[in-house]
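Here the structure comes first, spelled out in structure tokens, and everything after it is commentary.
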Amino acid sequence: MKKSISPKPQTIVLIVMGLLLLVLLILSAVAQSEISQTGNGGDYRVVAVDSCEKIAKEDAPTGMIHEFRFTLEEVHHGETLAFFINHHNVEIYLEEECVYQLTAADGAIRTPGGVWPMIPLDETDSGKEIRIVLIPLYRDYQDETPAFLLGSALAIYKASFYQALPEMVLSLCVVLAGLFLFCMAVYSSVQHNFAPRLYAQSMLAVFTGLWRFTYGNFAYLLLENHTVFVYYLSVISLMLVALAMLNCVEVGDHKRGARAIAACSLVYCVGNIVQGLLQLAGILDLRQMLKITHATLIASAAMLIVSNGVVWFRHHRKADKLIDRNYSWLLGIGVIVDLLLYYFAASSVGMLFTLCAILIYSMLEGVQLLIRYSRQKNELEEMNTQLMLSRTTTMMSQIRSHFVFNILNAISGMCKYDPEKADDTIVRFARYLRSNIDIMENDKNIPFTTDLKQLEDYVILEQVRFGDKLEFYTDIKEDRFMIPPLILQPVVENAIKHGISKKQSAGTIILRTYATDREIVITVEDDGVGFDVRELLKENSVGIRNIRFRLRHLVNGTLDITSEIGTGTTVTITIPRKEAQACASFM
């Protein structure tokens, strides 16, 4: 029977993203076709400009103004003259009568943002001269020439909508992907696994989508009464994109890298605050400082690519599973390509490279997170099952039939010659059994003193059997910590069974505890016959394996054994202080 092959989730994501981009290209082509058709004698048309003149003017912000003149041809009832312009004061004259004037507010706000002047016309305006004066507020925009449209307002709205539709759809998808990652980050935090980089990835997607939407012409047309708000929202979103991208940098487990990212983030935040203060004080506008934001974007993108390459080279170079790969380099490449197009080709193609890179990256990251959480859930369930089995196995090994039989025989003998001691032994044995049953029902970390009490009961019961041949001492220098149950007794039982019982003379077991700056240390020493530790590893002792498993998964502890034949054995249990002193259980 042939094994069915199912496609990987990442492959499905790439296929879906490819189909989405294909749909966006089709929408873009349809939009351009619609604009071309309506622009040629349809519901609106592009007006031919008779003259375009640049005039030097000392009191203008850039020392220059643009003046456009043209004559209106046949005007139909209800038609509108409209055009889009960025960062300009505007004056429109109809036969030298000012019919529209837009001036940026005084003070800190130097620009009205992107505006769509809409001038209603009538049939009587046919043949009249239109003079449009554009006053650029920044040198970067002093050569901008708008397209003047004449037609119904609805047709102009429709054409602008169709033109912006691909970018709007892509921007919305990016925002939704960012919100999805944010939900995943919150879920991870609730599960006590705080993931700051995941929050940064979600904010990167949200702010990029928001920036791209507010940057487009249609956003200014849609919110024509709030153009200043739209403009500054766009710039601030772009500033936050740089900060979020910086915190997406892969540093692995390197503390120096994490500190460097934190320091750069602080510099970015301080820089953004300074830019905001300069804007509020009216000294410099955010638009005039846009190159600083672009520089931070390029720096973040470069660090993203380099760090991802370094981490991959060190840790994932041999990983052939798609789930183990990191795709953050897509973000850096998308941003750098768009910025290069912006500066060298005077067009960023709507930042489509960045949007596509972020969308694909966000979806791939989301799929990988879902797979990781699914794996973690399965691993957690499997680990809980193993803990349950190891607990049961350990407890059952502690209540061995021969141990119970020996204790009951000893009690039966004591009833004849020492009834009082028999009664005390019965009470101690009952307490020992009840303690083991309680542990089976509720396997939580317990105070060391509680486990020590149970261990002492066990040793006294064993001394009933061995008499003076078994001596047990304690040297407790630290007892204020938590420990998994069923840890000490199996270690002492092994010392009795494999060390003391095989010795001809009396044997001694010493339990010691002490604390260092970082760890709690427990040692169990015996002067038994000893053994070859390598033989123990070959035998693969179930009891020792269970103890190590429970220590590792319940308190992140370790167990080491050293032994010398003829001298004795030492078992050392080490538990981190923060784990040992935690009162909450793993289960």
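The values are calculated or read from the model by the stated rules, or taken from the named source; none is laboratory data. Just so it is clear, the structure is predicted and the values come from calculations on it, not from any experiment. In this analysis, Cβ positions are derived from the backbone assuming ideal geometry, glycine residues included, and neighbour counts consider all displayed protein chains.
Computed quantities for the displayed model
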| quantity | calculated |
| --- | --- |
| Cβ pairs under 7 Å, 6+ apart, first in segment 272-283 and not assigned by TED's automatic domain parsing to the domain that holds Met239 and hydroxyl-bearing (Ser, Thr, Tyr), second assigned to a helix (DSSP H, G or I) and surrounded by fewer than 11 Cβ atoms within 10 Å (Cβ to Cβ) | none |
| Residue list for segment 271-287, filter: over 18 Å from Val241 (Cα atoms) and polar (S, T, N, Q) | Gln279 |
| Flag for Asp532 being free of Cβ contacts under 8 Å to residues at least 12 places away in the same chain and assigned by TED's automatic domain parsing to the domain that holds Ile573 | no |
| Leading residue by the ranking (farthest from the chain's Cα centre (by Cα)) among those in segment 126-141 that are assigned to a loop (DSSP other than H, G, I, E, B) and farther than 20 Å from Phe70 by Cα | Leu137 |
| In segment 49-74, the residues that are loosely packed, with under 10 Cβ neighbours inside 10 Å and of a type outside the set (D, E, K, R) | Ser51, Ala56 |
| Tally of residues being among the charged types (D, E, K, R) and at pLDDT 75 or above across segment 532-552 | 5 |
| Output for segment 54-106, where each listed residue is touching a Lys or Arg at 6+ places or on another chain (Cβ under 8 Å) and in a strand (DSSP E or B) | Met64, Ile65, His66, Glu67, Phe68, Arg69, Thr71, Ile92, Tyr93, Leu94 |
| Members of segment 253-266 found to be surrounded by 14 or more Cβ atoms within 10 Å (Cβ to Cβ) and either in contact (Cβ under 8 Å) with a residue 12 or more places away in the chain or more than 19 Å from the chain's Cα centre (by Cα) (or both), listed by number | Gly257, Ile261, Cys264, Ser265 |
| Tabulated pairs, segment 470-483, first within 18 Å of Gly499 (Cβ to Cβ), second outside any loop (DSSP other than H, G, I, E, B) and not charged (D, E, K, R), C-beta under 6 angstrom, 6+ apart or interchain | Leu470/Gln463; Leu470/Ile500; Glu471/Thr508; Phe472/Val459; Phe472/Ile509; Tyr473/Ile510; Thr474/Leu511 |
| Enumerated helices (runs of 4 or more DSSP H) restricted to segment 194-246, each holding at least 2 residues that are within 26 Å of the chain's Cα centre (by Cα) | 196-215, 227-246 |
| Any chance Thr558 is under 18 Å from Asp451 (Cβ atoms), polar (S, T, N, Q), modelled with pLDDT of 90 or more and crowded, with 18+ Cβ neighbours inside 10 Å | no |
| Counted residues, segment 287-300 - those being assigned to a loop (DSSP other than H, G, I, E, B) and at pLDDT below 85 | 2 |
| Matching residues in segment 97-125 - criterion: being farther than 21 Å from Tyr157 by Cα, surrounded by 12 or more Cβ atoms within 10 Å (Cβ to Cβ) and either in contact (Cβ under 8 Å) with a residue 40 or more places away in the chain or within 43 Å of the chain's Cα centre (by Cα) (or both) | Ala104, Ala108, Ile109, Arg110, Thr111, Asp125 |
